[in-house]
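J.: Dumping the structure here so I can ask a few things about it.
Derivation of every value follows stated rules applied to the coordinates shown; laboratory data play no part. Please read these numbers as outputs of a predicted model, since none were measured by experiment. Using ideal geometry, Cβ is built from the backbone for each residue, glycine included, and neighbour counts are taken over all protein chains shown.
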Amino acid sequence: MTRTIYYTATSLDGFIADPEESLGWLLSRHSDEDGPMGYRRFIAGIGALAMGATTYRWVQRQERGTWPYEQPCWVFTHGELRQFDGADIRFTADDIVRAHADMVEVAGGRDVWVVGGGNLAAQFADHGLLDEVVVSIAPLTLGGGAPLLPRRIELQVQEVATNGEFACVRYAVVRDRPGERGQ
């Protein structure tokens, strides 16, 4: 069964990028791609990606013309963005529910990765489409920037591990917690 997973890293104070939209703080940290909750095992199970325009522009700046993913990617945007040559990138202004259905179909039983943007991940959660949050917590604070998740989402711890300099936690998204929403 396809799951939709927000897999990301954060500072201890809950920011995924600093106020200048930089990830320098993250890229200078050590983690093992083959270690607990590591990237290599994670990406092997991914069949489609979702990202916001800010994350897409960041990838453009960092990768300098080379798209780093093999999977089809939906980029949620209302503006014009430059396409990477040879990459399966689908720019969309569709609503999350419609685009998610397309992603799940294309993923072919593999998972969907919400690559970047706490706001985008929260929109998936708002529609009951986010299943897991997997976060690597770096041992530093940024004091501001782009938040991990910009609103309340109930989570339940599923797994905790250490990978390099990071504390890693896998959470299940809790839907309709007893006592919430008039139950």
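J.: Using a Gaussian network model of the chain whose springs link C-alpha atoms within less than 10 Å, name the residue from 153, 89, 43 with the highest mean-square fluctuation.
T.: Most flexible of the set in this elastic network: 153.
J.: In whole Hz, what ³J(HN,Hα) sequence does segment 122-134 give by Karplus (6.51, -1.76, 1.60; θ = phi - 60°), x for Gly and Pro?
T.: Once rounded to whole Hz, the list reads 5, 5, 4, 5, 4, 9, x, 9, 9, 9, 9, 10, 10.
J.: Arranged by the count of other C-beta atoms within 10 angstrom, fewest first, what order do 103, 1 take?
T.: Fewest-to-most Cβ neighbours within 10 Å comes out as 1, 103.
J.: Over segment 37-183, what number does the Rg to Rh ratio reach, with both radii from the alpha-carbon atoms and Rh per Kirkwood?
T.: Using Cα coordinates only, the ratio equals 0.96.
J.: Here is a follow-up. Using θ = phi - 60° and the Karplus form 6.51 cos²θ - 1.76 cosθ + 1.60, what ³J(HN,Hα) does each residue of segment 56-63 get, whole Hz, x for Gly and Pro?
T.: 4, 5, 4, 4, 4, 5, 6, 8
J.: Under 5 Å between amide H atoms, partner at least 5 residues away or on a different chain: which partners does residue 48 have, H built in plane at 1.01 Å?
T.: 113
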